[in-house]
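S.K.: The structure follows.
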Amino acid sequence: MSATSRTLLARGANLSAVVLLVFGPFILYPLGGLFLLSVRTKSGMSIDPYLRFFSDPTSLEVIHTTLAIVLASAAVATIVGVALAALLFYLPFRGSTMLVRLMELFVAFPSFLVAFTLIFLYGTQGSVNVFLVHTFHLSHAPIDFLYGFGGIVFAEVIYYTPFVVRPTLTALTLIDERVVEAARSLGASPALVARRVILPMALPGIVAGSILCFLFIMNEFGILLVLGSAKLITLPLSIYSAATVDLDLQAAATQAAVMLVASLSVFVVYRRVTRAGTRSHARG
Amino acid sequence: MAETLPRAAAAPKAAAAREPASGVRIAGLTVELGGRVVLEDLSAEVARGEFVTVLGNSGCGKTTLLRYIAGFVPARQGEVWIGARNVTEVPPHQRNIGLLYQNYALFPHMTVFENVAFGLRARNAPSAEVRERVAAALKSVRMEGFDSYRPAQLSGGMQQRIALARALVIKPDILLLDEPVSALDANLRAAVRTEIKLLHEAMPELAVIYVTHDREDALMLSDRVMLLREGRIAQMGTPQELYDRPRDRFVATYLGLANFLSPDAVARTLPGIGLPPRGEAGAFCLRPESLRLDDGGPGRLVGEVLRCEWHGSAVLLAVRSAECAEPVMVETARRGRVPEPGERVVLSYVAEDCVFVRD
Amino acid sequence: MPVARRRTLALAGLRFLTGAVCLWLFAVPGLVVIVSAFASDWVATVLPTSFTLRWFEHFDATDVDAMLTSFEVAGMVAALGTILGLWLAISLNPLEGRRLGGLLDAVIMVPNSVPSVVLGLAVLLAYHAPPLDISGSWAIVVLVQTALVMPFCYRMCAAALKQEIPVFREAAASLGAPPAMVLRRVILPLLEPAIRASVALAFAFSIGDLGATLMVYPPGFATVPIVVIEDVERGFYYRASALALILLVLSLASLVLVAGRGRRAKVAAVAMER
């Protein structure tokens with residue numbers, strides 16, 4: 001046997017081992033089992049659980065809530081993130097790199113803690129309310145948005161804005177300064193340069209960050225566990241309560257399967273976008 | 001090939017000690033990368049002690065050829081022999097080659113000493129021998145005393161020399177160099193070129209394959225040049241052969257400036273020249289230095305000077321002539337009178353300088 | 001006022017605003033955890049009136065158990081996740097640019113692209129019944145968290161293997177080093193920064209995970225985030241803060257000490273951008 005085919009054989013054996021020992025037990029077996037359980041009913045395999053889920057007004061409400069929170073949070077996080085990244089990049093000041101590093105440390109900060117700290121600040125007994133009541137001699141707390149749509153979106157925006165800032169900063173850094181200078185030398189105003197040169201060049205990075213942010217907000221659990229209420233239940237929260245409170249594993253598995261499909265669809269879109277981005281970079 | 005024989009004969013002792021002689025032979029090589037044929041049915045031989053430059057534009061397959069010889073690129077077809085050994089199926093680490101990268105590829109986590117010693121350790125050399133040979137190798141590239149430096153502490157030229165020492169200390173059968181001077185600035189480039197030339201002369205049995213896109217490298221260093229074009233050999237021969245007797249237009253222009261006169265134009269301006277075989281499309285190539293600014297003949301071209309280019313040691317004239325679609329380039333010494341733009345001039349040439357090249 | 005002067009002032013204002021918004025959004029959460037962990041009382045006042053170590057002194061057996069569990073689990077997850085991630089990265093490296101490689105690469109990233117509760121539920125369902133029932137042991141917590149951090153560990157090593165290492169690996173092979181020597185003497189030493197970063201990130205993620213662990217943890221294996229959440233739900237805010245502070249210190253320490261300076265940006269790039 002030749003050396004080349006021996007190498008190929010060893011490589012094949014190793015790859016099989018990887019699939020068998022890593023992909024199998026950690027990814028494929030659990031997630032595959034989830035799908036199996038979701039379609040296994042007393043009367044055999046059936047898609048009834050899905051039909052039941054999608055015809056139940058409660059679950060439609062859950063989907064609606066999830067989408068509303070995700071769209072609002074991702075939109076705000078994208079706008080704030082892009083604005084902050086552009087300001088930090090084009091108007092640097094002493095300490096601005098420190099701020100970027102601070103944002104990077106958010107990877108080590110559990111999301112539910114962000115929600116928790118908001119209680120100290122914006123809860124009805126929180127500092128901000130106390131301050132306002134004392135200063136303006138009010139009879140009751142003026143700010144009361146925390147345990148509702150606004151509070152959840154606020155927490156999501158705080159936690160996930162860095163996920164837009166980072167890739168936007170990276171995209172801005174990658175823009176060749178000479179291209180910007182060339183545009184300026186051709187007589188373009190700063191506004192025109194921003195709109196016609198910088199934005200199109202940074203757009204792939206911004207879109208990628210925004211989609212990733214969308215995916216993570218959709219998957220978010222901790223923030224909703226702290227700030228969510230009976231009225232505001234998103235899909236991950238609903239899966240959690242179906243499994244641990246109602247102890248209805250079948251319903252939990254069905255919802256989880258729906259969630260899985262939704263998340264993976266967004267993930268596929270993200271891969272497409274980033275792949276296209278790197279490919280056009282490589283060509284250019 | 002003839003050029004290499006005297007050198008090989010000059011070192012009969014070394015040749016006897018290292019039987020079998022180790023040149024490189026490539027037969028019928030076809031390489032396909034990502035669905036694209038990069039090298040097509042390429043066969044060539046590099047003799048022991050020979051310095052061959054592989055020349056070509058980026059994307060012509062020259063680096064792929066080098067990496068194939070080193071064992072890093074799989075071939076669809078073909079064989080490679082080092083000396084009498086068929087190494088087609090031999091993994092890279094058993095081929096006994098020296099490889100020098102454009103960016104040196106010194107291991108950043110090792111000292112200079114450890115970098116140079118790496119190949120000897122891979123061959124399980126005893127430590128006393130390792131020390132001795134590393135010291136000798138560093139001395140040969142004038143880098144003794146830098147043993148404990150890290151690559152990052154050295155300049156580009158120094159890193160280059162360490163990389164050379166690392167590649168040569170293992171006494172490779174062949175040395176493969178991938179654009180070793182293109183990352184250096186012009187002055188350093190000339191110095192390193194000379195250094196490589198001297199090192200090769202000190203190791204007369206070592207076959208060297210040197211990949212470059214720079215014709216200066218090729219003309220100055222090599223015993224023979226292999227000019228690649230789109231994965232095929234455009235022409236292989238001594239630098240003089242490629243320069244003076246190019247096979248086609250591509251070879252002629254790659255090696256330097258060339259004027260192309262149609263067979264009809266030559267027949268009109270130089271009576272009695274042998275015309276090319278019937279049915280072959282092509283032109284006669286005339287180098288700028290083969291044209292004289294006088295009417296001494298026998299070939300004569302009449303034209304008007306368009307512009308003069310100052311090239312330091314010589315002056316290059318662009319002359320518009322009715323016999324040639326492109327301006328005719330003429331090199332003339334800067335001494336004596338240089339015609340001015342607009343002036344009418346007569347150019348003369350001889351039949352021996354006209355080479356028929358295919359399109 | 002001259003135009004140039006007005007412009008300078010406006011820019012200074014913008015800079016100040018940027019800094020203020022960043023601090024407000026991203027620094028205040030951390031500060032609140034610190035302040036509340038040491039506050040003796042923070043009700044009906046803008047800032048705590050006095051500070052105390054009481055909340056740390058009064059940790060009970062549950063809290064201490066949770067800290068030990070978190071620490072042990074995170075250590076195991078960091079080690080296991082990094083080993084598996086390294087193995088995946090080295091195994092998939094030759095498939096770079098091929099369809100199978102792209103597919104496997106995407107599948108590895110799946111656990112991090114689905115909600116942690118979904119992953120937790122799937123692992124719970126898969127391992128609470130024969131053929132393999134580990135739902136009563138710490139192993140299920142380690143398993144689910146390893147699945148969760150593996151994508152990052154893999155990415156960290158894969159990025160280094162793809163960008164920095166191929167040329168050195170070839171140089172080593174050309175010098176006659178057999179594959180085992182290339183791995184030991186060249187690839188692994190050059191991967192060291194990536195491995196450290198992977199360990200740090202896996203440790204931080206593992207210690208801070210809530211969703212997946214909440215789904216699978218057997219009685220007696222609650223981790224710090226779970227105890228913190230329970231405290232928050234019962235209104236024990238200061239104790240929750242004190243525990244949370246310990247959690248934060250542990251995960252920041254791992255990032256700073258293990259990943260080391262200058263590697264943090266890389267960690268953030270992998271964690272936030274992929």
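S.K.: Just for the range C:216-228: of the residues that are buried (at least 20 other Cβ atoms within 10 Å of the Cβ) and part of a helix (DSSP H, G or I), which one is farthest from the other protein chains (Cβ to nearest Cβ)?
M.R.: My answer is C:227.
S.K.: Of all residues in the range A:16-54, which are buried (at least 17 other Cβ atoms within 10 Å of the Cβ), among the aliphatic types (A, V, I, L, M) and within 21 Å of residue C:129 (Cβ to Cβ)?
M.R.: Passing the criteria: A:27, A:31, A:34, A:37, A:39.
S.K.: Conditions: (1) loosely packed, with under 13 Cβ neighbours inside 10 Å; (2) facing chain A (nearest Cβ under 8 Å); (3) at pLDDT 85 or above. Residue C:20 meets all but one. Number of the miss?
M.R.: Single failed check for residue C:20: (2).
S.K.: In the range B:289-319, how many residues are exposed (fewer than 14 other Cβ atoms within 10 Å of the Cβ), assigned to a strand (DSSP E or B) and among the charged types (D, E, K, R)?
M.R.: 2
S.K.: If you don't mind, there's one more thing I want to ask. Out of B:216, B:201, B:144, which single residue is surrounded by fewer than 17 Cβ atoms within 10 Å (Cβ to Cβ) and over 23 Å from the mean Cα position of the chain (by Cα)?
M.R.: Values: B:216 fails: over 23 Å from the mean Cα position of the chain (by Cα); B:201 fails: over 23 Å from the mean Cα position of the chain (by Cα).
When all the criteria are applied, what remains is B:144.
S.K.: Shifting gears a bit: Scan the range A:79-91 and tell me whether some residue there is over 27 Å from the mean Cα position of the chain (by Cα) and either at pLDDT 90 or above or on the phi < 0 side of the Ramachandran plot (or both). I'd like the intermediate steps shown before the answer.
M.R.: Taking the range A:79-91 first, the residues over 27 Å from the mean Cα position of the chain (by Cα) are A:91.
Applying the additional criterion that residues be either at pLDDT 90 or above or on the phi < 0 side of the Ramachandran plot (or both) yields A:91.
Within the range A:79-91 (the criterion being over 27 Å from the mean Cα position of the chain (by Cα) and either at pLDDT 90 or above or on the phi < 0 side of the Ramachandran plot (or both)), the answer is yes, since at least one residue qualifies.
S.K.: With the requirement that a residue be surrounded by fewer than 24 Cβ atoms within 10 Å (Cβ to Cβ) and within 24 Å of residue C:214 (Cβ to Cβ), what does the range C:98-111 give you?
M.R.: Within the range C:98-111, the subset surrounded by fewer than 24 Cβ atoms within 10 Å (Cβ to Cβ) is C:98-107, C:109-110.
Correct list: C:109, C:110.
S.K.: (1) outside any helix (DSSP H, G or I); (2) closer than 25 Å to residue C:120 by Cβ; (3) modelled with pLDDT of 90 or more: which one isn't true of residue C:213, the others all being true?
M.R.: Only one criterion is unmet by residue C:213, namely (1).
S.K.: Which helices (runs of 4 or more DSSP H) does the range A:137-245 wholly contain that include 3 or more residues that are small (Gly, Ala, Ser) and free of Cβ contacts under 8 Å to residues at least 12 places away in the same chain? Spell out the reasoning first.
M.R.: Working: elements: A:149-160, A:162-174, A:177-185, A:190-193, A:199-219, A:222-227, A:235-244.
Output list is empty.
S.K.: For the range A:258-277, indicate whether the set of residues that are touching a helix residue (DSSP H, G or I) at 6+ places or on another chain (Cβ under 9 Å), among the β-branched types (Val, Ile, Thr) and without any contact (Cβ under 8 Å) to a residue 12 or more places away in the chain is non-empty. Break it down into steps so the answer makes sense when it comes.
M.R.: Within the range A:258-277, the subset touching a helix residue (DSSP H, G or I) at 6+ places or on another chain (Cβ under 9 Å) is A:258-260, A:262-264, A:266-271, A:273-277.
Remaining after also requiring among the β-branched types (Val, Ile, Thr): A:258, A:266, A:268-269, A:273-274.
Going one step further and asking which of them are without any contact (Cβ under 8 Å) to a residue 12 or more places away in the chain, we end up with A:268.
Scanning the range A:258-277 turns up at least one residue that is touching a helix residue (DSSP H, G or I) at 6+ places or on another chain (Cβ under 9 Å), among the β-branched types (Val, Ile, Thr) and without any contact (Cβ under 8 Å) to a residue 12 or more places away in the chain.
S.K.: Yes or no: the range C:171-183 includes at least one residue that is in contact with a Phe, Trp or Tyr (Cβ under 8 Å, 6 or more places away or on another chain) and more than 13 Å from chain B (Cβ to nearest Cβ).
M.R.: no
S.K.: Among the candidates B:266, B:251, which residue alone is at pLDDT 85 or above, in contact with a strand residue (DSSP E or B) (Cβ under 8 Å, 6 or more places away or on another chain) and aliphatic (A, V, I, L, M)?
M.R.: Working: B:266 fails: at pLDDT 85 or above.
Residue meeting the stated conditions: B:251.
S.K.: Any residue in the range A:111-119 that is at pLDDT below 80 and surrounded by 13 or more Cβ atoms within 10 Å (Cβ to Cβ)? Break it down into steps so the answer makes sense when it comes.
M.R.: Step one: filter the range A:111-119 for residues at pLDDT below 80, giving none.
No, that holds for no residue.
S.K.: I'd like the residue in the range B:103-139 that is more than 10 Å from chain C (Cβ to nearest Cβ) and of a type in the set (Asp, Glu) and, out of all such residues, is farthest from residue B:164 (Cα to Cα).
M.R.: By that ranking, first place goes to B:129.
S.K.: Still on this structure, I have one more. Can you name every residue in the range B:142-178 that is of a type in the set (D, E, K, R) and out of contact with any helix residue (DSSP H, G or I) (no Cβ under 8 Å at 6 or more places or on another chain)?
M.R.: Within the range B:142-178, the first condition is being of a type in the set (D, E, K, R), and the residues that meet it are B:142, B:144, B:147, B:150, B:161, B:166, B:171, B:173, B:178.
Answer for the range B:142-178, where residues must be of a type in the set (D, E, K, R) and out of contact with any helix residue (DSSP H, G or I) (no Cβ under 8 Å at 6 or more places or on another chain): B:171, B:173.
S.K.: Go through the range C:73-108 and count every residue that is at the interface with chain A (Cβ under 7 Å from one of its Cβ atoms) and under 25 Å from residue A:219 (Cβ atoms).
M.R.: 4
S.K.: Which ones in the range B:21-48 are in a loop (DSSP other than H, G, I, E, B) and under 21 Å from the mean Cα position of the chain (by Cα)? If you could, list the steps in order and put the result at the bottom.
M.R.: Narrowing the range B:21-48 to residues in a loop (DSSP other than H, G, I, E, B): B:21-23, B:34-35, B:47-48.
Scanning the range B:21-48 gives B:22, B:23, B:47, B:48.
S.K.: Right, here's the next one. Whether any residue in the range C:154-168 is in contact with a helix residue (DSSP H, G or I) (Cβ under 9 Å, 6 or more places away or on another chain) and facing another protein chain (nearest Cβ under 7 Å) is what I want to check. Give the steps one after another, and end with the answer.
M.R.: Going residue by residue through the range C:154-168, those that are in contact with a helix residue (DSSP H, G or I) (Cβ under 9 Å, 6 or more places away or on another chain) are C:154-162, C:164-166, C:168.
Now drop any that are not facing another protein chain (nearest Cβ under 7 Å), which leaves C:168.
Yes, the conditions are met somewhere in the range C:154-168.
S.K.: Still on this structure: Quick one: which helices (runs of 4 or more DSSP H) sit completely within the range C:20-108 and have at least 3 residues that are in contact with a Cys (Cβ under 6 Å, 6 or more places away or on another chain) and closer than 23 Å to residue A:106 by Cα? Give the derivation first.
M.R.: Values: elements: C:28-38, C:54-57, C:61-92.
Of the helices (runs of 4 or more DSSP H) lying wholly inside the range C:20-108, those with at least 3 residues that are in contact with a Cys (Cβ under 6 Å, 6 or more places away or on another chain) and closer than 23 Å to residue A:106 by Cα span C:61-92.
Each row is one residue, and each column tells you yes or no for (1) in contact with a Cys (Cβ under 8 Å, 6 or more places away or on another chain); (2) free of Cβ contacts under 8 Å to residues at least 24 places away in the same chain; (3) part of a loop (DSSP other than H, G, I, E, B).
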| position | (1), (2), (3) |
| --- | --- |
| B:183 | no, no, yes |
| B:193 | no, no, no |
| B:204 | no, no, yes |
| B:220 | no, no, no |
| B:225 | no, no, no |
| B:240 | no, yes, no |
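S.K.: Moving on to the next point. If you go through the range A:169-192 one residue at a time, how many are farther than 21 Å from residue A:82 by Cβ and not hydrophobic (A, V, I, L, M, F, W, C)? Break it down into steps so the answer makes sense when it comes.
M.R.: Step one: of the range A:169-192, the residues farther than 21 Å from residue A:82 by Cβ are A:178, A:181-182, A:184-187.
Those still in the list that are not hydrophobic (A, V, I, L, M, F, W, C) too: A:178, A:181, A:184-185, A:187.
Selection size over the range A:169-192: 5.
S.K.: Go through the range A:1-96 and tell me which helices (runs of 4 or more DSSP H), entirely inside it, have 3 or more residues that are within 14 Å of chain C (Cβ to nearest Cβ) and in contact (Cβ under 8 Å) with a residue 24 or more places away in the chain.
M.R.: Numbers: elements: A:3-18, A:29-39, A:48-55, A:57-90.
Of the helices (runs of 4 or more DSSP H) lying wholly inside the range A:1-96, those with at least 3 residues that are within 14 Å of chain C (Cβ to nearest Cβ) and in contact (Cβ under 8 Å) with a residue 24 or more places away in the chain span A:29-39, A:57-90.
The values are calculated or read from the model by the stated rules, or taken from the named source; none is laboratory data. None of the values given here were measured: they were computed from a predicted structure. So basically every Cβ, Gly included, is an ideal-geometry build from the backbone, and we count neighbours across all protein chains shown.
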